[in-house]
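A short write-up of the structure that comes next.
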Amino acid sequence: MKYYIIAGEASGDLHASKLMNGIKTRDTEAEFRCWGGEQMKQAGGTIVKNYRELAFMGFQEVILNIRTILNNIKFCKDDILEWDPDAVILVDYPGFNMRIADFAKTKGYKVFYYISPQVWAWKKHRVHKLHKITDMAFVVMPFEKDFHARYGYNVEFTGHPMPDSMDLNAKIDEAAFRKTYDLGEKPIIALIPGSRKQELHRILPHMLKITERFSDYQFVIAGVPELGEKFYSKLIKNTTVKVVYGQTYDLLRVSRAAAVKSGTVTLETAMLGVPQVVCYRFSFISALVAWIVVHVKYISLVNLILDRRVVAELIQYKFTADTLSRELAPLLPDGDARSRMLDDYKELRERVGPPGASDRAAALIVDKLQRELSN
């Protein structure tokens, strides 16, 4: 069968590639046409647009790039009609993908939404729209199934795809890692400021302000290879902070603690057992709109899944060098604060579920399509 798959971010590219591999084991002649990146390409997809062309984060950025976004939507609709797939599979990226789901369903295509929009966080009425324009929706957090059920809808909870994308039991030769990247012997604090230029400009400078306050540690940035050394050097300037490119998981594995931008990486950091402080800064307009329309107790996946404050969240103007230093300091030595967080991480892993989420979702998708084709 022919599958048209759309992912708009790096995490979506990764999770979609795992889903594609699961589909191929059940549909050996599967064809994939994709919006995504290198991971989906390696899984056998023909890439129509790279997700980096779609990376507009926040309300203000969307407004400033609205013409490009609308052109992309039109192109995507035309491309779906021309290729005429058996199914359209949407992976996260709700601002774009909800529009495409509506279009595809109207045109009679089977629509599957993997990593369903977080309608429980804002605009809860979208839950009705979501189920009207999809044939099957998959959620990745356990409490989401109950949320949809309260509105009379069923969704599939196959587990979180995070364990599929990282080997939690992998071992690393720390001495070799340090030697490769010239990191010396001081314990490491990882800085994970994001992957988009606009995020990095807003977040990394505030992270860098704390480096002189922890002289017994060295700070290492998880860098994005595509952005390049020149981009990072302008932000780092005269500090002694180093950048390790494309090795986020291994960097976390050798780190004592981390300052992490809000997003999927907060869950990845927790799954690897690294104490963290979560940070984020929106543009002014994005922050204002979020304050009005988003109604959740927490912003990090760790706290959302456990439904309590496990990791500190420093958002917008609460994210300063002083607050970051104050929250980070207790996590560095052995003690109650560090032990409590690591114990909470154990509970988190149980709630996230075992590996195989992507494969379980793929089985449901292929089974539904094959049953309907045989009728």
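Any idea how many residues of region 172-220 are β-branched (Val, Ile, Thr) and either within 13 Å of residue 235 (Cβ to Cβ) or over 27 Å from the mean Cα position of the chain (by Cα) (or both)? Walk me through it before giving the result.
First pass over region 172-220, keeping only residues β-branched (Val, Ile, Thr): 172, 180, 188-189, 192, 203, 210-211, 220.
Applying the additional criterion that residues be either within 13 Å of residue 235 (Cβ to Cβ) or over 27 Å from the mean Cα position of the chain (by Cα) (or both) yields 180, 203, 211.
So the answer is 3.
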Exactly one of 79, 102 is charged (D, E, K, R) and open to solvent by less than 20 Å² (accessible area, probe 1.4 Å), and that residue is 79
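When region 124-172 is examined, which residues are found to be of a type in the set (Lys, Arg) and under 24 Å from residue 353 (Cα atoms)? It would help to see each step written out before you state the result.
Let us first name the residues in region 124-172 that are of a type in the set (Lys, Arg), namely 124, 126, 129, 132, 145, 150, 171.
Within region 124-172, 145, 150, 171 meet the criteria.
State yes or no: is residue 167 in a loop (DSSP other than H, G, I, E, B) and either at pLDDT 95 or above or open to solvent by 10 Å² or more (accessible area, probe 1.4 Å) (or both)?
Numbers: in a loop (DSSP other than H, G, I, E, B): yes; either at pLDDT 95 or above or open to solvent by 10 Å² or more (accessible area, probe 1.4 Å) (or both): yes.
Against the criterion (in a loop (DSSP other than H, G, I, E, B) and either at pLDDT 95 or above or open to solvent by 10 Å² or more (accessible area, probe 1.4 Å) (or both)), residue 167 qualifies.
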Taking into account only those residues within region 323-375 that are free of Cβ contacts under 8 Å to residues at least 40 places away in the same chain and outside any helix (DSSP H, G or I), which is most open to solvent (accessible area, probe 1.4 Å)?
375
Pick from 44, 22: which is open to solvent by 10 Å² or more (accessible area, probe 1.4 Å) and at pLDDT 95 or above?
44
Among residues belonging to region 101-111 that are assigned to a helix (DSSP H, G or I) and touching a strand residue (DSSP E or B) at 6+ places or on another chain (Cβ under 6 Å), point out the one that is nearest to residue 121 (Cα to Cα).
101
Could you grab me the full set of residues in region 1-19 that are among the acidic types (Asp, Glu) and open to solvent by less than 10 Å² (accessible area, probe 1.4 Å)?
13
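Just to be sure I understand, how many residues within region 127-169 are basic (Lys, Arg) and without any contact (Cβ under 8 Å) to a residue 24 or more places away in the chain? Walk me through it before giving the result.
In the first step, residues of region 127-169 are kept if they are basic (Lys, Arg); the result is 129, 132, 145, 150.
Checking which are without any contact (Cβ under 8 Å) to a residue 24 or more places away in the chain leaves us with 145, 150.
Adding up the residues that qualify gives 2.
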Note on region 223-243: residues β-branched (Val, Ile, Thr) and open to solvent by 80 Å² or more (accessible area, probe 1.4 Å) are 240
Residues located in region 170-222, provided they are in contact with a helix residue (DSSP H, G or I) (Cβ under 8 Å, 6 or more places away or on another chain), exposed (fewer than 13 other Cβ atoms within 10 Å of the Cβ) and touching a residue at least 60 places away in the same chain (Cβ under 8 Å)
170
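The values are calculated or read from the model by the stated rules, or taken from the named source; none is laboratory data. Worth saying up front: this structure is predicted, and the values here are computed from it rather than measured. Cβ coordinates were reconstructed from backbone atoms using ideal geometry, including for glycine residues, and neighbour counts include every protein chain displayed. Each accessible area value is taken on the protein alone, full model and side chains, heavy atoms only, with ligands, DNA and RNA left out. Shrake-Rupley method; radii C 1.70, N 1.55, O 1.52, S 1.80 Å.
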